[in-house]
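The values are calculated or read from the model by the stated rules, or taken from the named source; none is laboratory data. Since this is a predicted model, take the numbers as computed values, not measurements. Cβ atoms come from the backbone with ideal geometry, glycine included; neighbour counts cover every protein chain shown.
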């Protein structure tokens with residue numbers, strides 16, 4: 001791969017894209033694991049509590065999981081679900097979520113996965129655009145379908161997981177084929193559709209991202225090799241979609257006891273209990289979840305020696321959150337903070353050791369958040385910031401090292417299109433021969449060491465008469481104040497004449513501050529900003545009770561909503 005001055009070269013041992021004619025299906029890992037480790041636990045879930053309040057667990061082995069998915073694959077096919085059929089799947093994290101998802105993969109159907117917490121209206125609008133032909137979901141999901149018949153007129157097959165009320169269709173128990181017999185998996189290829197996964201919609205309407213089987217295969221290989229994941233590991237994935245990689249990686253997955261749409265409000269006791277009970281070695285948690293569990297761990301001197309690594313993504317992880325959580329881990333264990341998006345995941349990664357010893361200092365000076373070097377197989381470049389589409393790739397677009405611009409990614413995990421929004425595809429994708437590059441929608445820079453520094457969303461930059469301000473570098477300066485939990489830079493007015501305003505969410509220990517204490521804090525924030533060139537023009541600060549955040553990670557700040565709120569406050 002050609003190296004240009006501002007391109008971060010893929011790491012040695014980069015993953016090679018699978019040939020398009022190869023037979024690829026992420027579910028093919030299940031029969032292989034069932035053959036190698038039939039009695040190994042695949043999925044563990046809590047079933048209740050004993051008389052002393054201790055958690056009671058049940059599990060499926062890899063052999064049982066493979067056979068259950070065969071039973072459901074037969075039933076799904078008999079119900080009318082075929083290869084290539086878009087199938088809305090709305091099931092809570094559970095045994096059924098895993099068995100149905102992998103059964104759909106075996107059939108060759110295309111699961112449609114969406115965050116229910118995004119709100120009823122947005123969810124209905126998104127699913128209507130998919131034009132799915134099958135609907136598999138819990139009772140509440142089917143109630144939504146019945147109440148909005150115009151949005152689901154394309155549905156031909158409906159299956160209810162749980163109690164079926166006034167609608168027709170099949171129940172889950174109706175389609176489970178017994179006795180077990182092997183299911184011949186669909187001969188899918190790398191370029192065949194595998195799933196449609198919706199973005200969070202943090203900077204606009206959620207969009208359906210089309211995943212291909214080859215992309216899933218590349219993700220499995222990159223995650224396994226980059227993080228050195230071993231088959232004997234046990235995962236606690238607090239984001240359900242990440243859990244789907246576990247059986248393919250040979251890992252045991254422990255379903256956490258939590259509301260997956262509210263990671264910021266998780267019960268730390270339940271997370272720690274599961275880690276200790278099951279000897280969890282690998283954990284994913286959003287920055288909001290790590291913050292909550294880390295604060296609890298710090299206050300209660302908690303130690304989690306079984307963990308070999310922790311991964312956190314969805315938004316920049318504050319250095320104080322990293323320090324709190326790493327204090328619970330063994331000295332040689334790191335928290336990794338990979339960078340990516342629904343459209344391309346992962347892109348880059350860095351560990352807490354490098355962050356806390358080196359890059360956090362630069363971040364505090366307003367130089368952005370370092371998200372690490374590109375993972376194997378990914379190429380990252382920085383191009384000039386433009387608002388319109390870019391039809392074809394040219395090296396002339398590339399900026400020199402150190403300059404701030406749009407982040408663009410290329411590699412086997414980069415998705416090619418939004419299947420629900422052709423216009424968005426044109427704006428986000430750049431054709432490069434037989435492949436595409438994805439415009440991440442973020443701004444940043446590359447340094448001399450090939451590391452990527454994240455400066456925030458392109459849509460969130462504040463353009464004033466004299467300069468352009470980027471959210472992440474500016475906010476990092478104000479976040480250092482002890483009374484600040486987090487800050488958010490927004491622009492009031494229209495560019496290029498926006499007024500920069502910083503919204504402040506107080507730290508939990510400071511939320512009872514008096515009016516005079518808040519006035520003193522704002523004075524100190526102005527003084528803090530005045531010490532740095534990038535923030536010296538910011539003079540307006542507003543206290544907000546609780547920032548609006550995304551429902552997937554509870555960490556991405558909805559700055560568009562804050563900008564509207566700030567404008568109202570300044571009238």
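Here is a yes/no grid of residues against (1) closer than 24 Å to residue 253 by Cα; (2) over 21 Å from the mean Cα position of the chain (by Cα); (3) at pLDDT 95 or above; (4) in the same structural domain as residue 153 (by TED's automatic domain parsing):
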{"residue": "72", "(1), (2), (3), (4)": "yes, yes, yes, yes"}
{"residue": "75", "(1), (2), (3), (4)": "no, yes, yes, yes"}
{"residue": "78", "(1), (2), (3), (4)": "no, yes, yes, yes"}
{"residue": "82", "(1), (2), (3), (4)": "no, yes, yes, yes"}
{"residue": "85", "(1), (2), (3), (4)": "no, yes, yes, yes"}
{"residue": "107", "(1), (2), (3), (4)": "yes, yes, yes, yes"}
{"residue": "116", "(1), (2), (3), (4)": "yes, no, no, yes"}
{"residue": "135", "(1), (2), (3), (4)": "no, yes, yes, yes"}
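Considering only the stretch 196-288, give the helices (runs of 4 or more DSSP H) lying wholly within it that have at least 2 residues that are touching a helix residue (DSSP H, G or I) at 6+ places or on another chain (Cβ under 8 Å) and more than 30 Å from residue 298 (Cα to Cα).
Passing ranges, in order: 213-226, 245-249.
So which residues in the stretch 393-418 are in a loop (DSSP other than H, G, I, E, B) and on the phi < 0 side of the Ramachandran plot, if there are any at all?
393, 394, 399, 400, 401, 403, 404, 412, 413, 415, 416, 417, listed by residue number.
When residues of the stretch 78-102 are filtered for being part of a helix (DSSP H, G or I) and either in contact (Cβ under 8 Å) with a residue 60 or more places away in the chain or in contact with a strand residue (DSSP E or B) (Cβ under 7 Å, 6 or more places away or on another chain) (or both), how many remain?
9
Pull up the stretch 260-273, narrow it to residues that are in contact (Cβ under 8 Å) with a residue 60 or more places away in the chain and under 18 Å from residue 335 (Cβ atoms), then point me to the one that is nearest to the chain's Cα centre (by Cα).
263
Out of 300, 291, which single residue is buried (at least 24 other Cβ atoms within 10 Å of the Cβ), farther than 23 Å from residue 30 by Cβ and out of contact with any strand residue (DSSP E or B) (no Cβ under 6 Å at 6 or more places or on another chain)?
When all the criteria are applied, what remains is 291.
Quick check on my filter: what residues within the stretch 261-270 are within 22 Å of residue 96 (Cα to Cα) and surrounded by fewer than 21 Cβ atoms within 10 Å (Cβ to Cβ)?
Those that are within 22 Å of residue 96 (Cα to Cα) and surrounded by fewer than 21 Cβ atoms within 10 Å (Cβ to Cβ): 261, 262, 270.
Results for (1) closer than 30 Å to residue 130 by Cβ; (2) without any contact (Cβ under 8 Å) to a residue 40 or more places away in the chain, shown as yes or no for each residue.
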residue: 223; (1), (2): yes, no
residue: 244; (1), (2): yes, no
residue: 258; (1), (2): yes, yes
residue: 282; (1), (2): no, no
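Condition check ((1) within 29 Å of residue 327 (Cβ to Cβ); (2) in contact (Cβ under 8 Å) with a residue 24 or more places away in the chain; (3) assigned by TED's automatic domain parsing to the domain that holds residue 482; (4) assigned to a loop (DSSP other than H, G, I, E, B)) across all residues:
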position: 360; (1), (2), (3), (4): yes, yes, no, no
position: 424; (1), (2), (3), (4): no, yes, no, no
position: 431; (1), (2), (3), (4): no, yes, no, no
position: 443; (1), (2), (3), (4): no, yes, no, no
position: 449; (1), (2), (3), (4): yes, yes, no, yes
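Do we have any residue at all in the stretch 364-381 that's closer than 18 Å to residue 556 by Cα, within 22 Å of the chain's Cα centre (by Cα), assigned to a loop (DSSP other than H, G, I, E, B) and at pLDDT 95 or above?
Checking the stretch 364-381: at least one residue is closer than 18 Å to residue 556 by Cα, within 22 Å of the chain's Cα centre (by Cα), assigned to a loop (DSSP other than H, G, I, E, B) and at pLDDT 95 or above.
In the stretch 550-563, what count of residues is obtained for those that are touching a strand residue (DSSP E or B) at 6+ places or on another chain (Cβ under 9 Å) and in a helix (DSSP H, G or I)?
Matching residues across the stretch 550-563 total 4.
For the stretch 291-335, which residues satisfy the criterion of being under 16 Å from residue 353 (Cβ atoms), outside any strand (DSSP E or B), out of contact with any helix residue (DSSP H, G or I) (no Cβ under 8 Å at 6 or more places or on another chain) and in contact (Cβ under 8 Å) with a residue 24 or more places away in the chain?
308, 329, 330
In the stretch 514-549, which residue that is in contact with a strand residue (DSSP E or B) (Cβ under 9 Å, 6 or more places away or on another chain) and free of Cβ contacts under 8 Å to residues at least 24 places away in the same chain is nearest to residue 499 (Cα to Cα)?
If we take residues in the stretch 514-549 being in contact with a strand residue (DSSP E or B) (Cβ under 9 Å, 6 or more places away or on another chain) and free of Cβ contacts under 8 Å to residues at least 24 places away in the same chain, then 539 is nearest to residue 499 (Cα to Cα).
Using the structure shown, decide if residue 520 is outside any helix (DSSP H, G or I) and modelled with pLDDT of 95 or more.
Working: outside any helix (DSSP H, G or I): no; modelled with pLDDT of 95 or more: yes.
Answer is no for this residue.
Within the stretch 134-175, take every residue that is in a loop (DSSP other than H, G, I, E, B) and touching a strand residue (DSSP E or B) at 6+ places or on another chain (Cβ under 6 Å) and give me the one that is surrounded by the most Cβ atoms within 10 Å (Cβ to Cβ). Let's see the steps before the verdict.
Of the stretch 134-175, the ones in a loop (DSSP other than H, G, I, E, B) are 148, 153-156, 162-169.
Next cut, touching a strand residue (DSSP E or B) at 6+ places or on another chain (Cβ under 6 Å) only: 155, 162, 164, 169.
Values: 155: 19, 162: 17, 164: 17, 169: 17.
Among those residues, the one meeting the criterion is 155.
Taking the stretch 335-353, which residues are closer than 21 Å to residue 274 by Cα and surrounded by 23 or more Cβ atoms within 10 Å (Cβ to Cβ)?
From the stretch 335-353, those closer than 21 Å to residue 274 by Cα are 335-336; that's our starting set.
Selection gives 335 alone.
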